[in-house]
Amino acid sequence: IYKEVIVFLLELEPTFWLSVVKLKHHTAYQELSFSWIFNEYPSFVRQDSRRFISQDTGNLYIAKVERSDVGNYTCVVTNTVTKTRVHGPPTPLIEVHFPEIIPVAKGSTVKLECFALGNPVPTVSWRRVDGIPFHRKVDSFKTSGVLEIPYFQQDDAGTYECVAENSRGKNAVRGKLSFYASPHLLEKPEDIQKPIDEVLAWECKASGKPKPSYTWLKNGEPLEAMGDRVQVVNGVLTISSLTLSDMGMYQCVAGNKHGELYTNAELRVI
């Protein structure tokens, strides 16, 4: 049983240094003892006036951190009954990663960040889990752990994986990029003049992700279906046997959870 911890020095003043090292174990047993390896086995951390290893929690505490303390630490758990010691080569620890699900708007630029710690310093690589190669527009900054996808489109959606690897092993995190788009008008009704008893058919059509729904208004009030004479189906407004009372300003509203758009047209009946 092991866990890797990297010690950092944060310079507060030219002559002052601060470090925090903590490993939390959720379960403790009396027959287990804890020790720590510094950089490479068998270089174990020796307890003294600056270093303390809690046998209750397994935590390693270092007071007044010095430059010589900087390095790679591995926790080792030993069964005092069987004298069995369990530890292993530490794999890269990914400290900065992206959420599991990321909604991305059409046409926007998305940046995924991935930063890993380890000794030797791990390399970071990126891939799509579905195996589809990256488009040429995708830029991977391996040194900074950033994957940038400009002008995001629906075919960019999918699960992306960051892999951190060194000679001791590798680690990976995944995140799903989901595509969404607010409504975009494709077809709109135009002002029209119709004789009495004629049939009106206006089409309102929009693209979007999720697929937009449609609502029609007349003079600012919701238009309700009236039997077979007034019908609204998939954005198409149909009014048969036109009368003078049908005249007015009509409005189509196309919307999804990411936005709405409006378009107007006037109906005149003569």
Exercise for review: Would you mention how many residues in the stretch 149-190 are on the phi > 0 side of the Ramachandran plot and in contact (Cβ under 8 Å) with a residue 60 or more places away in the chain?
Suggested key: 1
Review point. Restricting the stretch 127-157 to residues that are over 17 Å from Gly107 (Cβ atoms) and basic (Lys, Arg), which is modelled with the lowest pLDDT?
Key: Lys142
Exercise for review: Go through the stretch 92-108 residue by residue and tally those that are outside any strand (DSSP E or B) and touching a helix residue (DSSP H, G or I) at 6+ places or on another chain (Cβ under 8 Å).
Suggested key: 1
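Matching residues to (1) free of Cβ contacts under 8 Å to residues at least 40 places away in the same chain; (2) crowded, with 18+ Cβ neighbours inside 10 Å:
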position	(1), (2)
Ile94	no, yes
Pro99	no, no
Ile102	no, no
Lys106	no, yes
Leu112	no, yes
Val121	no, no
Val138	yes, no
Check your understanding: Which of the residues that make up the stretch 141-164 are surrounded by fewer than 18 Cβ atoms within 10 Å (Cβ to Cβ), of a type outside the set (Val, Ile, Thr) and more than 15 Å from the chain's Cα centre (by Cα)?
Key -> Phe141, Lys142, Ser144, Pro150, Tyr151, Gln153, Gln154, Asp155
Practice item. Go through the stretch 217-268 and give me each residue that's among the aromatic types (Phe, Trp, Tyr) and either assigned by TED's automatic domain parsing to the domain that holds Lys106 or crowded, with 16+ Cβ neighbours inside 10 Å (or both). Key: Tyr250
Check your understanding: With (1) surrounded by 14 or more Cβ atoms within 10 Å (Cβ to Cβ); (2) over 30 Å from Leu217 (Cα atoms) as the list, and Leu185 as the residue in question, which single condition is left unmet?
Key -> (2)
Check your understanding: Could we say that Gly71 is among the small types (Gly, Ala, Ser) and surrounded by fewer than 11 Cβ atoms within 10 Å (Cβ to Cβ) here?
Key -> no
Practice item. Kindly state which strands (runs of 3 or more DSSP E) lie completely within the stretch 160-270 and contain at least 1 residues that are within 30 Å of Val96 (Cβ to Cβ). Key: 169-187, 205-209
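The values are calculated or read from the model by the stated rules, or taken from the named source; none is laboratory data. All figures in this text were calculated on a predicted structure; none of them were measured in a lab. Note that each Cβ is placed from the backbone with ideal geometry, even for glycine, and that neighbours are counted across all protein chains shown.
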